[in-house]
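Enquirer: Mind having a look at this structure? Questions to follow.
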Amino acid sequence: KERHGEDARLYALDISPDLIAIAEGYWAEGDVADVIQPVIGDARRSLSELASEDLAEQVDFMFVDADKTGYGDYYAAALTLLRPGGIILFDNVLWSGSVADPAKTDADTEALRALAKRVRDMLAKAAKGCRVAVSGEAFVRSYVGRDGNRKQTVEVTASRVDLIDWPD
């Protein structure tokens, strides 16, 4: 609200009216309900409608935590909706390490791999003449989830990012 004043708007897209109803209670409790616009329905259609409502290149930030097989479509929509300098954040892109495991070939994992390739290819074109080098630590953390199943996450801590030549 501070940046956009009364025009501040957060669009919350979900296919489930029940989940939106639960969220609305939290929004009211947090005194932010006046800036949040719930949109119930298929996100692909909803994002297309938002773009046609003069929101193209107007969105500051987009957070996606949805069906992983739809991430490619949500990425395409983000490229239309985000303003120059806008940010998109995808949840679960490492998929508990599955994207690095060639034995994992389920639809969600393959969709996340395709998204990573698509973003990498786009960055390669945009950064021709530059190379990004990240140094830091990466490790796998194992734990038991709330469901009682063993889980693993890959955690990366970047301690330094350098821009050097990007290979052709």
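Enquirer: With θ set to phi - 60°, apply the Karplus curve 6.51 cos²θ - 1.76 cosθ + 1.60 along segment 52-57 and write out the HN-Hα couplings as whole Hz, x wherever there is a Gly or Pro.
Expert: Ordered by residue, 3J(HN,Hα) equals 7, 9, 6, 9, 4, 6 Hz.
Enquirer: To continue, here is another question. Give me the count of lysine pairs in segment 11-133 whose alpha carbons sit under 24 angstrom apart, restricted to pairs 8 or more positions apart or on different chains.
Expert: The result is 5.
Enquirer: Compute, for segment 1-106, the length of the dipole vector about the Cα centre, with Cβ point charges of +1 (Lys, Arg) and -1 (Asp, Glu) only. Units Debye, rounded to 20.
Expert: 400 debye
Read-outs: derived from the displayed coordinates by stated rules, not from any lab. Quick caveat: nothing in here was measured; it's all calculated off a predicted structure. Positions of Cβ are backbone-derived with ideal geometry, glycine not excepted, and every protein chain shown enters the neighbour counts.
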